[in-house]
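I have placed the structure first, in the form of structure tokens, so that the comments after it can refer back to it.
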Amino acid sequence: ITARQDVAVITRRAQAFRITELAVDLAGDDPMGWIASRLGAYWARRDEAKLLSTLKGIFTATTGAGKDLILDASSSTLGKDTLLWAAQVLGDAKMNLVGMAMHSAAETFLSSLDAGSSLYKPSTQPGVLPTYNGRALVMDDNLAYNKDTGVAEIYLFGRGAVALCDCKSKTPFETERNALTNGGEEYIVSRHANIAHVRGFKWTAASCAGVTPTNAELETVGNWSKVYDAKDIRVVKLITKLA
């Protein structure tokens with residue numbers, strides 16, 4: 001029996017925010033305090049962008065490491081059966097796929113397939129993700145959708161499909177003040193390091209241009225290889241047409 005392990009890559013990001021005393025005077029409030037309160041939401045969006053770049057690098061038709069986990073139905077219109085055949089890519093392991101992620105236009109198109117009904121009833125299921133055909137549905141307009149061609153990308157995923165882990169950063173947060181420039185400037189510097197890794201794949205790049213991979217490098221097809229059997233990977237990509 002031979003076994004190979006997936007290899008994740010740590011990504012490190014930093015962002016600085018600056019305000020002046022004039023901004024405080026004009027706002028009549030504390031802009032820096034508001035910025036600090038929104039750092040968590042900011043890094044959540046950046047983590048999402050990294051994950052989408054990783055998925056793009058892995059699931060590229062014909063050449064990507066996950067090419068065998070793609071159903072390209074871009075020449076036909078999305079139907080209920082299209083989602084079923086996308087899940088069938090995993091064969092008898094398709095029951096592991098419990099969720100879907102798609103552009104809001106794709107969600108709207110799915111809703112239109114069931115005329116007169118909605119995907120879920122918020123009044124009876126408060127705080128619950130919408131579902132379709134038994135799978136949780138996540139809408140995100142950062143997922144690929146071409147308005148001109150009508151082609152959209154949908155990901156089906158299972159529990160444990162992505163490993164997410166925060167990593168240590170020596171100085172994750174610091175502040176600075178320069179009293180002599182532009183009437184006074186204040187800075188917040190936030191650093192964030194983590195792993196957002198699609199299980200079953202291996203980061204193979206020997207090096208990167210900087211100290212950590214950029215999103216563009218995460219999107220590079222040749223930087224990934226598949227190390228799990230297809231049925232043990234819990235992500236499938238569907239390319240389909242909405243009109």
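The values are calculated or read from the model by the stated rules, or taken from the named source; none is laboratory data. As the structure is a computational prediction, the values presented were derived from the model and not from experiment. Please note: Cβ atoms are built from the backbone with ideal geometry, for glycine as well, and neighbour counts cover all protein chains shown. Calculation scope for accessible area: heavy atoms of the full protein, side chains included, ligands and nucleic acids excluded. Shrake-Rupley method; radii C 1.70, N 1.55, O 1.52, S 1.80 Å.
Can you say what percent of the DSSP beta bridges in the chain, counting only those with both residues inside, are antiparallel? Round to 5.
If I count the DSSP bridges inside the chain, around 80 percent turn out antiparallel.
Output wanted: per-residue J couplings in Hz (rounded whole) for the stretch 207-217, from phi through Karplus 6.51 cos²θ - 1.76 cosθ + 1.60, θ = phi - 60°, x for Gly and Pro.
Ordered by residue, 3J(HN,Hα) equals 7, 9, 5, x, 7, 8, x, 7, 4, 5, 6 Hz.
Give the carbon-plus-sulfur fraction of the accessible surface of the chain in %, rounded to a whole number; probe 1.4 Å, heavy atoms of protein chains only.
Carbon plus sulfur share of accessible area: 53 percent.
Using the membrane-span-like helix rule (whole DSSP H runs, Cα extent along the own axis of at least 24 Å, mean Kyte-Doolittle hydropathy at least -1.0), which helices of the chain qualify?
Membrane-span-like by this rule: 39-58.
Could you give me the ³J(HN,Hα) list for the stretch 189-199, computed from phi with Karplus coefficients 6.51, -1.76, 1.60 and θ = phi - 60°, whole Hz, x at Gly and Pro?
10, 10, 10, 9, 10, 6, 10, 10, 10, 7, 4
Binning every alpha carbon pair distance of the stretch 160-226 at 10 Å from zero, what are the percents per bin?
The percentages, shortest bin first, are 16, 34, 25, 16, 9, 1.
Can you spot the lysines whose alpha carbon is less than 22 Å from LYS56's alpha carbon? Ignore those fewer than 8 places along the same chain.
Output for LYS56: LYS67, LYS94, LYS147, LYS202, LYS226, LYS231, LYS237, LYS241.
Averaged per residue, what accessible surface does the chain expose to a 1.4 Å probe, in Å²?
Working: 13750 Å² over 243 residues.
Spelled out: the 1.4 Å probe surface of the chain, per residue, equals 57 Å².
What value, in deg cm²/dmol to 500, does the helix sum -39500 (n - 2.57) over DSSP H runs of n ≥ 4 give at 222 nm once divided by the residues of the chain?
So the helix-based figure for the chain works out to -6500 deg cm²/dmol.
Using amide H atoms built in the peptide plane, which far-off residues or other-chain residues are under 5 Å from VAL98 H to H?
Residues meeting the criterion, in which the H sits 1.01 Å from N, are PHE157, GLY158, ARG159.
Give the peptides 100-112, 220-232, 163-175 in descending order of average Cβ contacts within 10 Å, highest first.
Put in order of decreasing packing, that is 100-112, 220-232, 163-175.
Shape of the chain from its Cα gyration tensor (a ≥ b ≥ c, root eigenvalues): rounded if a/c is under 1.5, otherwise prolate when a/b > b/c, or oblate?
Values: a/c = 2.40, a/b = 1.48, b/c = 1.62.
Oblate shape, in that a/c is at least 1.5 and b/c is the bigger or equal ratio.
Using modelled amide H (1.01 Å from N, peptide plane; none on Pro or chain starts), what sits under 5 Å from the amide H of GLY200, excluding residues fewer than 5 places away?
Distant-sequence amide H within range of GLY200: ASP6.
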